[in-house]
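> Got a structure for you, questions after.
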Amino acid sequence: MGKKELAALFSSNPDRYYKVSLFDKMGFTRKKCNRCEKFFWTLDIARDFCPDHENYGFIGKPPTNKRLDYVNAWKETEKFFRANDHKIVRRYPVVCRWREDLYFTIASIVDFQRVIGNQVVFELPANPLVVPQMCLRFNDIENVGLSGRHYTGFCMIGQTCNADAPGGYWKDKCIDLDFGMLTKGLGIRAEDITFVEDVWMGAGAFGYSLEYFVRGLELGNAVFTEFEGNENDYRVMPNKIIDMGAGLERFSWITMGTPTSYDCCFGPVVGKLVDMTGTDTDQEVLTRYFESVSLKLDNKTGGSSSSIRDLKLLIAKEMNISEEQLSAFVAPYEAIYTISDHIRTLVFAISDGALPSNVGGGYNLRVILRRALSILERLGWKNTIRVEDIAELHIDYLRQMYPELEDHRQDVKTILQLEASRYSSSRERMNSVAMSLKSSKKAKELTVDDLIRLYESDGITPDFLMEQGIVQNVPSTFYTKLAELHTSQVSSQSSKPIAGLEDLPPTKLLYYQDESIHHFHAKVLKVVEGKYIVLDQTAFYPRGGGQEPDTGEIEGVKVVEVTKQADVVVHKIEGGGGRIPAEEQTVHGTVNGRRRDLITKHHTATHVLNSASRNALGSWVWQNSAFKEETYGRLDITHHSTLTREEVKKIERMANWVIRENHPVIIKTYDRGDAEQQFSFRIYQGGIVPTSNVRIVNINGWDIEACGGTHVKSTGEIGLVKIVKSERIQDGVVRLEFVAGEAAVSYMQQLDSQLASIAQALGSSREKVVESFDKAMQDAEATKKKLRAMLRVVSVPIAKSISEQAKKLDSGIHLYTTYDEELDDDYHIAIGEKAIELDKHLVYLALVSKGQGIRVIVFAGEAACKKVKASAIAKQVSSKLGGSGGGDNRFGQGGGKSKDRIREALLLAEEVAR
Ligand SMILES: [Zn+2]
Ligand SMILES: [Zn+2]
């Protein structure tokens, strides 16, 4: 049974599923659409089709006397639901840190969905509640700014409740409230409201829904999630969920009746951009155009870009102007709408810690930013408006509703500036690609796949190609395809499970009870293949969360690896021979305490460094991944650029300050929802937690993370942390390698002894080593200079004698070959150059011993190189020596490693010269 059959099933029993008390009370009648056969409820006796086939009848004549801009539309909604006993919850981040399968929050209900095992569960922080949830979606980018209603970022008003928990309600009250919101809150007449029957199917749960429309515009959809399972095998959920989602952009638009929803939803931003750009268009033409687009754009298909183009043709005809004239009129407005949307989305994403990049969710962010920059360039506005200024305008307006944006104003500006300057520096390369495309015939035949390749390899957006006049329009499927390539995260790989452990009870984890337990007794529950042992309880920490496993012994047999499979800890043993413990036997386990201690210090140091990095660099810093072992730790953080030495030092200083302050490390288990509310989603540094309880590691407010690893009791135990290396490992990710505790001391000692031996070699002391080194370098430089001068003097007589010594071959070539273990390439280059100057028939070949290998240097005189090229000799000789070489006619070089083939190589050269 698919969605259609399910809809038919629910609609066949409307009294059970769709009829709510409001319909009776108000006298709504149920009708079947005479065009698509959907059922709907209306007060209008004469109406015989559903709102899907209705034009937007509110543009220019809104069905209410209230005029609510975006922020005020929210304030009205908030007021209404608060008065009706709903808790107003602050928005969740647009970066979806709590679901592994989503980069971005795509709907309000996602806020409350958590995955346990393979099941989606609902966790509500209050009941009932309303949340103004910003959602990001990148599947309709090409329509944004053009259609009047598409966005990459929009606010979904989520009215959510658990019907079976205290405070909960079901469909009668839900529709009563929504109807009240529309009539009392927005001031819309009851006669203008239509409810349409529909179904909603999600992962593991589904239900029926009533969508509500006013004058052709869908404002919201109340989903009654009553069943769990799939459509063929389902039961009533013990906790039924109301999930009503309404578009705040639409609430505002219906009351304002502006030609596009952008005109009212970006507050003063559009008007200011119009002023700044000096955009001056006949308002009447503009209004007529966007009204027509809104009226005619097929509601149901969402409108692809080609249909918008078709519409433009049609509308131009109606208005008696050419398509070009019309485009010239509307293009600046389309541009302003598009840019406003894109930058608003970026304001939220960057505030919530995402970075534009080439990977993961950052991908879409860079796409829209580059699109906005490209549009600014195309319209000649790049010197008039900067993207960070647009971001400021948005924040100025939205902070009334989302005060947290103010805290991130500077971070947002920093990232936008940085990305904009990267874009402008990459334009040079983009221009050269564009030039070669223009000159080749291929430009005309560019497919969507070609365009995607151009974006992936050179960062070239179709908007840029439009700007260059290479393509006429952005294919409607481009952004959709691109988004598909980058929407869901790749789930982490899991190793092959060991069979036969399914029925075992969860292992009791002694390391959580008390981390200092290193000796314990336990009963053997299972032995698999003579090498995997499962106990009823264990103090061995299994590999997980980037922390390396413990090692040690069980009954004197070595434990080499410890893993966790579901709730069962598996110990892998090695070299047990005949001493492998038997099932049911009681055994004694010993954890290698020193190793555990070192790993634990590196682990807690990771937390300290992570927060130090965020404090030193910016709020976009999150842990990307981490690895902790005995001798060192590794922390990958999200950051936009390579770290400078100063930044590394700053992080190090902060981290060591936290260590010296000796903060207690408090570990407590919380209900997941409570932890999220109390500490925010910052707790998910190490990824999602797939259980309803989370273990929170709190370094006294400095760093708070959900973490299952082992930790020191207070930061002072770490002793010292030293960053040994920092490296940008991929776009948007920087790796810090560090040592902590005793490993840090050993590292310092090692550095110290290296320094001591350098000092000794320089005949200096540690204190004066830099001074002595500088002097030694100066001496070496002076010596080189002297040598070069000497070489100039002696090169003439040496070159003469070489010419005399050279073999005079029948080919007319004078060949000189030598193998040198003493003099270096500088010498042979100087001599070779001089020699072919004096003897135009000369070929000079020197093989110079260099460390493990041989360097090949070839010169050919003006006459000689007409017969044989220096590059050819270098190539053949090098290849004989097991390497490679090349060059030009006059000079060739190369090298190889086979010192045993020097004679052969010299003979080969002679052969070639003959
Ligand atoms: Zn219909
Ligand atoms: Zn941890």
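> Would you kindly identify the helices (runs of 4 or more DSSP H) lying entirely within region 381-486 that contain at least 3 residues that are more than 23 Å from CYS265 (Cα to Cα), at pLDDT 90 or above and open to solvent by 30 Å² or more (accessible area, probe 1.4 Å)? Steps first, please.
Working: elements: 387-398, 404-407, 409-439, 448-458, 462-467, 478-485.
Fully inside region 381-486 and qualifying: 409-439.
Yes or no, residue by residue, for (1) surrounded by fewer than 20 Cβ atoms within 10 Å (Cβ to Cβ); (2) within 14 Å of ligand 2 (Cβ to nearest atom); (3) among the hydrophobic types (A, V, I, L, M, F, W, C):
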site	(1), (2), (3)
LYS649	yes, no, no
PRO664	yes, no, no
ILE667	yes, yes, yes
GLY686	no, yes, no
THR691	yes, no, no
VAL697	no, yes, yes
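> Taking the conditions exactly as written (assigned to a helix (DSSP H, G or I) and in contact with a helix residue (DSSP H, G or I) (Cβ under 7 Å, 6 or more places away or on another chain)), does ILE175 satisfy them or not?
So ILE175 passes the test.
> Does any residue in region 370-386 that is without any contact (Cβ under 8 Å) to a residue 60 or more places away in the chain and within 14 Å of MET276 (Cβ to Cβ) come within less than 8 Å, Cβ to Cβ, of a residue that is open to solvent by 60 Å² or more (accessible area, probe 1.4 Å) and among the basic types (Lys, Arg) six or more places away or on a different chain, and which pairs are these?
Correct list of pairs: LEU376/LYS382.
Listed here are the residues, each with its yes/no results for (1) acidic (Asp, Glu); (2) more than 60 Å from the chain's Cα centre (by Cα); (3) closer than 21 Å to LEU845 by Cα.
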site: GLY763; (1), (2), (3): no, no, no
site: VAL770; (1), (2), (3): no, no, no
site: ALA780; (1), (2), (3): no, no, no
site: GLN805; (1), (2), (3): no, yes, yes
site: ASP810; (1), (2), (3): yes, yes, yes
site: ILE813; (1), (2), (3): no, yes, yes
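> Here's another thing I want to ask about it. From (1) more than 44 Å from the chain's Cα centre (by Cα); (2) under 25 Å from PRO132 (Cα atoms); (3) crowded, with 18+ Cβ neighbours inside 10 Å, pick out the condition that doesn't hold for ASN65.
(3)
> I would also like to ask the following. Please list, ordered by first then second residue, the pairs with beta carbon atoms under 6 Å, 6 or more apart or interchain, first in region 391-403 and without any contact (Cβ under 8 Å) to a residue 24 or more places away in the chain, second among the aliphatic types (A, V, I, L, M).
Note: pairs meeting the criteria are ARG399/LEU405.
> Can you list residue pairs whose Cβ atoms sit under 7 Å apart, with the first residue in region 722-733 being under 19 Å from GLU419 (Cβ atoms) and the second being of a type outside the set (Gly, Ala, Ser) and assigned to a strand (DSSP E or B)? Count only pairs 6 or more apart in sequence or on different chains.
Once the first residue is under 19 Å from GLU419 (Cβ atoms) and sits in region 722-733, its partners that are of a type outside the set (Gly, Ala, Ser) and assigned to a strand (DSSP E or B) give ARG728/VAL734; GLY732/THR638; VAL733/ASN624; VAL733/ASP636; VAL733/THR638.
> Check off (1) away from ligand 1 (no atom under 16 Å from the Cβ); (2) touching a strand residue (DSSP E or B) at 6+ places or on another chain (Cβ under 6 Å) for THR42 and give me the number that stays unchecked.
For THR42, the failing item is (1).
> For GLU76, indicate whether it is part of a helix (DSSP H, G or I), within 40 Å of the chain's Cα centre (by Cα) and either at pLDDT 90 or above or away from ligand 2 (no atom under 16 Å from the Cβ) (or both).
yes
> If you don't mind, another one. Just checking, how many residues over region 860-882 are surrounded by 18 or more Cβ atoms within 10 Å (Cβ to Cβ) and on the phi > 0 side of the Ramachandran plot?
0
> Go through region 108-161 and give me each residue that's open to solvent by less than 10 Å² (accessible area, probe 1.4 Å), within 27 Å of ILE315 (Cβ to Cβ) and of a type in the set (Ser, Thr, Tyr).
SER147, THR152
> Here's another thing I want to ask about it. Of all the residues that make up region 891-914, how many are touching a strand residue (DSSP E or B) at 6+ places or on another chain (Cβ under 6 Å), open to solvent by 70 Å² or more (accessible area, probe 1.4 Å) and under 18 Å from CYS865 (Cβ atoms)?
Here the count works out to 1.
> A follow-up question, please. Condition (residue is open to solvent by 30 Å² or more (accessible area, probe 1.4 Å), assigned to a helix (DSSP H, G or I) and in contact with a helix residue (DSSP H, G or I) (Cβ under 9 Å, 6 or more places away or on another chain)) applied to region 256-263: is it met by at least one residue?
The answer is yes, given that some residue of region 256-263 is open to solvent by 30 Å² or more (accessible area, probe 1.4 Å), assigned to a helix (DSSP H, G or I) and in contact with a helix residue (DSSP H, G or I) (Cβ under 9 Å, 6 or more places away or on another chain).
> Okay, next question. Could we say that ALA8 is within 40 Å of the chain's Cα centre (by Cα), part of a helix (DSSP H, G or I) and either more than 26 Å from GLY207 (Cα to Cα) or among the aliphatic types (A, V, I, L, M) (or both) here?
The answer is no for ALA8.
> Filter region 24-39 down to the residues that are part of a loop (DSSP other than H, G, I, E, B), open to solvent by less than 50 Å² (accessible area, probe 1.4 Å) and either touching a helix residue (DSSP H, G or I) at 6+ places or on another chain (Cβ under 9 Å) or within 16 Å of ligand 1 (Cβ to nearest atom) (or both) and list them by number.
PHE28, CYS33, CYS36 - these are the residues of region 24-39 that are part of a loop (DSSP other than H, G, I, E, B), open to solvent by less than 50 Å² (accessible area, probe 1.4 Å) and either touching a helix residue (DSSP H, G or I) at 6+ places or on another chain (Cβ under 9 Å) or within 16 Å of ligand 1 (Cβ to nearest atom) (or both).
> Counting residues that are at pLDDT 95 or above, which strands (runs of 3 or more DSSP E) fully inside region 576-668 reach at least 2?
Values: elements: 586-591, 623-628, 633-638.
Where strands (runs of 3 or more DSSP E) fall fully within region 576-668 and carry at least 2 residues being at pLDDT 95 or above, they are 586-591, 633-638.
> Condition first: in contact with a helix residue (DSSP H, G or I) (Cβ under 9 Å, 6 or more places away or on another chain) and part of a helix (DSSP H, G or I). Can you find one or more residues in region 544-555 that meet it?
No, every residue in region 544-555 fails to be in contact with a helix residue (DSSP H, G or I) (Cβ under 9 Å, 6 or more places away or on another chain) and part of a helix (DSSP H, G or I).
> Since ASP164 meets every condition but one in (1) acidic (Asp, Glu); (2) open to solvent by less than 30 Å² (accessible area, probe 1.4 Å); (3) assigned to a loop (DSSP other than H, G, I, E, B), which condition does it not meet?
Of (1) acidic (Asp, Glu); (2) open to solvent by less than 30 Å² (accessible area, probe 1.4 Å); (3) assigned to a loop (DSSP other than H, G, I, E, B), only one is false for ASP164: (2).
The values are calculated or read from the model by the stated rules, or taken from the named source; none is laboratory data. In this text, all values refer to a predicted model and were calculated from it rather than measured experimentally. Note that we place each Cβ from the backbone using ideal geometry, even for glycine, and neighbour counts take in every protein chain shown. For the accessible areas, the whole protein counts, side chains as well, though only heavy atoms, and no ligand, DNA or RNA atoms are used. Shrake-Rupley method; radii C 1.70, N 1.55, O 1.52, S 1.80 Å.
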